[in-house]
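The values are calculated or read from the model by the stated rules, or taken from the named source; none is laboratory data. Keep in mind that this is a model prediction, so the values were computed, not measured. Using ideal geometry, Cβ is built from the backbone for each residue, glycine included, and neighbour counts are taken over all protein chains shown.
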Amino acid sequence: MNRLNGAVLHDDTLRKFQTSDYSRDLPCKVVHIGVGAFHRAHQALYFDQMNEILASTSEDPWMIQGVSLRTDTALHQLNPQDGLFLHVARGHQGTSERIVRSIKSVIHAGRDPEALIELIAASVTQLVTLTITEKGYGLGVGSNELNTLDAAVSADLDSLLEPQTAIGFLVAGLRRRRAMEHGPLTILSCDNLSNNGHQCRHAVLSLARHHDLALAAWIEESVSFPCSMVDRIAPAVTGEDLVWVESHLGCRDQAVSITERFSQWVIEDNFKGERPPLDRVGVEYSRDVTEWEHRKLRLLNAAHSAMAYMGGLLEYEYVHEAVEDAVIGSLVRDIWQEARMTLDDADPSVLDGYCQSLITRFKNPHLNHRLFQIAMDGSQKLPQRVLAPLRERLIEGQASPALTQVVAAWLFWQWGRTFSGKSFDVQDPAALRFGQIVSQSRGHLEAYNRLTLEFKPISDVVSVHPRWGEDLCKAFMDIAGISRSIA
């Protein structure tokens, strides 16, 4: 069966799907690093909708040049399809479908580093966007400094001739852009990271200063790093999804995006290059995105982490299953009650409405959002989702049993066994070290003590609030007790 591509786009079988018709022949104004499921479900769709509006007013589209840093998955998914893919949004009120055309192609920077450096430097490039996950910024856990223990970061500190990290590529590309006098640029982080623009800027400037102080000064003057808040649940696509799409489309689509209907994007209005008119398709430009960012991280993402670890340990597979569990559902609501006290929203009804909308989204039976997908890279996620609001509450003298239970569940997750004893692989940058601690310790308590000392974001809180350390230990041992009772 044929693959979805430009040649088959207007076949009769595809006419029922919404499709734009803007020209894709112009050079790409956008370079996007990390063309995974979330980018296709979120930014690529927004640009496709915006390009359709621009075409109606004879304005040039903002095409996206996709970039993969390590794997060639995105290349195999998108390049044989001319960058096209089906976007499917499912919800309680039905399904919407659209063939997205905003991605021109994907390159593999690991194989051809010169290509990405040249793209960042190109005068036509106005915007570099990133979805590289928290660990992609090369910063230490609980630290705002480059992680020199990471081999790829160390390699970029030694030389930028063949960059190994996203930050290394950005600095190498900006160095060439400066040399070629190709003007200012905006670098927009779209990762679920607190103060994502500020952290990206700090990482880029730290590496640039290490190599060339004059380059760092030029970046400070000529490059902006707006913060952004992105919100859309985009589960990983399964083999079953691909089979369904093939029968639904009448052709194969290896890059399909299946997501919820809800979508939100708030961007700090801080651009050095041209600003894409994304506000025409519902994106909100704001002076400050902190309010939106904290609300999402501390309510949606903290709840996701709670369901991932407690639900995963109880062997639930999907979010919509876990949230229906009475104990987990109660934990989620308790987390919200604690976390909302750290938010600055003046109107409590705003938070009430947001939390109610989250329940509806979590219960979406048409979206199989796997808990193990959410549980990945917890050492990178927990500090901002859970430990940050917990620390603020401790400073105010407020107990936080629900947030503490999430931390305890994450610690128990490092054993790689569910409550009933079923084994699983812990997917986390710290998994090897934590796994060694668990295997070399005699009993849960010894391992707990070593883990909390090893993980700086926790040990830092315990050192300032030792009573919370006692609460965390009790919560952990209670969870260990659940495991023993079930097993």
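Residue count for segment 297-337 satisfying the condition of being among the charged types (D, E, K, R) and crowded, with 22+ Cβ neighbours inside 10 Å: 1. Meeting the requirement of 1 or more residues that are over 26 Å from ILE53 (Cα atoms) and under 19 Å from the mean Cα position of the chain (by Cα), the helices (runs of 4 or more DSSP H) wholly within segment 194-311 are 196-211, 290-295, 302-306. Of the residues making up segment 334-371, those that are part of a helix (DSSP H, G or I) and either touching an Asp or Glu at 6+ places or on another chain (Cβ under 7 Å) or within 24 Å of SER263 (Cβ to Cβ) (or both) number 20.
When the residues of segment 227-243 are filtered to those that are free of Cβ contacts under 8 Å to residues at least 60 places away in the same chain and touching a strand residue (DSSP E or B) at 6+ places or on another chain (Cβ under 9 Å), the one that is nearest to MET376 (Cα to Cα) is ASP241.
Condition check: closer than 19 Å to ASP478 by Cβ and in contact with a Phe, Trp or Tyr (Cβ under 9 Å, 6 or more places away or on another chain). Does GLY282 satisfy that?
Details: closer than 19 Å to ASP478 by Cβ: no; in contact with a Phe, Trp or Tyr (Cβ under 9 Å, 6 or more places away or on another chain): yes.
When the stated conditions are applied, GLY282 does not pass them.
Scanning segment 261-283 for residues that are surrounded by 18 or more Cβ atoms within 10 Å (Cβ to Cβ), under 30 Å from GLU317 (Cβ atoms) and either out of contact with any strand residue (DSSP E or B) (no Cβ under 6 Å at 6 or more places or on another chain) or not assigned by TED's automatic domain parsing to the domain that holds ASP48 (or both) yields one hit, SER263. Hey, among the residues in segment 10-46 that are touching a residue at least 40 places away in the same chain (Cβ under 8 Å) and among the hydroxyl-bearing types (Ser, Thr, Tyr), which one's nearest to ILE258 (Cα to Cα)? Among them, the one singled out is TYR46.
In segment 195-215, is there at least one residue being of a type in the set (A, V, I, L, M, F, W, C), closer than 24 Å to ILE103 by Cβ and either surrounded by 19 or more Cβ atoms within 10 Å (Cβ to Cβ) or touching a residue at least 12 places away in the same chain (Cβ under 8 Å) (or both)? Yes, segment 195-215 has at least one match.
Scanning segment 150-160 for residues that are outside any helix (DSSP H, G or I) and touching a residue at least 40 places away in the same chain (Cβ under 8 Å) yields one hit, LEU160. Within segment 443-460, the presence of a residue that is modelled with pLDDT of 95 or more, assigned to a loop (DSSP other than H, G, I, E, B) and either over 25 Å from the mean Cα position of the chain (by Cα) or not assigned by TED's automatic domain parsing to the domain that holds GLU317 (or both) is excluded. Taking segment 391-437 as the range and being surrounded by 16 or more Cβ atoms within 10 Å (Cβ to Cβ) and of a type in the set (A, V, I, L, M) as the test, the residues that pass are LEU394, ALA402, LEU403, VAL406, VAL407, ALA408, ALA409, LEU411, VAL426, ALA430, ALA431, ILE437. Restricting to segment 92-120, what's the tally of residues that are surrounded by fewer than 22 Cβ atoms within 10 Å (Cβ to Cβ), more than 30 Å from ALA155 (Cβ to Cβ) and either outside the structural domain of ALA152 (by TED's automatic domain parsing) or among the aliphatic types (A, V, I, L, M) (or both)? Qualifying residue count for the region: 1.
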